[in-house]
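Following: one structure in structure tokens, then a few remarks.
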Amino acid sequence: MEDCYEILGVKPGASLSEIRRAYREKVKKYHPDVSGDQGTAEHFKKVVRAYEILTDQKSRDIFDSSFAAHFSRRKVKSWDYREWLLSRDDDESRAKLIFFDLMRGREDDAVKEFKRMQTERSKFSLKHWFTRENFMDYGFILSEELYLRGEYFDAFCLLEQIIKMEYSYDYFRLFFPEVMAFAKNILRNHIEGTISDELALDTFERALELNLGSGEDAFILRKMGIIYRRMGDESTARICLEEADRLGGAGGKKAAAKK
């Protein structure tokens, strides 16, 4: 068996976020359908296998135990970039600190700092300080971490930015269905009831601009209709529910009839 860490280009002990990031980079480089080179197919298989091993905790433990003696764990003394970022309070440094921690096994610190900046600085924006590609990669990973901690609204806001970027510039390709499925899951299961009705309506309205498909739009409109009705705006609720029926979303008429 070959060195899975070497195949993915990460160090032993790499966080799951680092492994995911490295895997995405390798897929973009070696997938035959993306590279256009059928000669990369064999290496692509190695990349997939290495990813499967390192993302399954039991398989990874076995791999680490078997090959630990062959891994280099050198630690290079160098300038502490993280300490330097921590000492600064400008938006650029804090944004870079968030992604630096995210990719080095400090996911809790990354999420905590992101939430702090979102709360304290209304104009704070991660995407302003990174290339489009890096923001899309790191932003997706950060959205996953936010989701795991129940920060569904913030997770959706990041995904919304990524989806709009993808529409203007084809980058994620193979991973875009994963992004879309993630956003749909949040909209369907984790918006209504977790934030205020006003903020939920704003979120759903923005979601209607993401080209999620007529079925998803119908579902969102039904959710909006329910919220408007709960808020006492029967006229707007009826408009939303009628539009949901028009789109033909599964169960639309049935859901509307019950209300």
Which percent of the accessible heavy-atom area of the chain goes to carbon and sulfur, probe 1.4 angstrom?
49 percent
What is the sum of charges, Lys and Arg at +1 and Asp and Glu at -1, for the other residues whose Cβ falls under 14 Å from the Cβ of E145?
-3
Theoretical ellipticity at 222 nm over the chain - DSSP helices of four or more residues, -39500 (n - 2.57) apiece, nearest 500:
-21500 deg cm²/dmol
How large is the charge dipole for the chain, taken about the Cα centre, if only the Cβ atoms of Lys, Arg (+1) and Asp, Glu (-1) carry charge, to the nearest 20 debye?
360 debye
Using the heavy atoms of the protein chains alone and a 1.4 angstrom probe, what is the accessible area of the chain per residue in square angstrom?
55 Å²
Spelling out what I want: for every residue of region 139-145, take phi, set θ = phi - 60°, compute 6.51 cos²θ - 1.76 cosθ + 1.60 (Karplus), and round to whole Hz; glycine and proline get x.
x, 5, 5, 5, 4, 5, 5
Let me have the relative contact order for the chain, percent, based on Cα pairs under 8 Å that are six or more residues apart.
11 percent
Region 41-178: relative contact order from alpha carbon pairs under 8 Å, six or more residues apart, as a whole percent, is 12 percent
For the chain, what is the Kirkwood estimate of the hydrodynamic radius, computed as the reciprocal of the mean inverse distance between distinct Cα atoms, to one decimal in Å?
20.9 Å
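The values are calculated or read from the model by the stated rules, or taken from the named source; none is laboratory data. Since the model is a prediction, treat every value here as computed from it, not as a measurement. Quick reminder, even Gly has a Cβ in these numbers, built from the backbone with ideal geometry, and neighbours come from all protein chains shown. Keep in mind that these areas ignore ligands, DNA and RNA; they rest on the heavy atoms of the full protein, side chains included. Shrake-Rupley method; radii C 1.70, N 1.55, O 1.52, S 1.80 Å.
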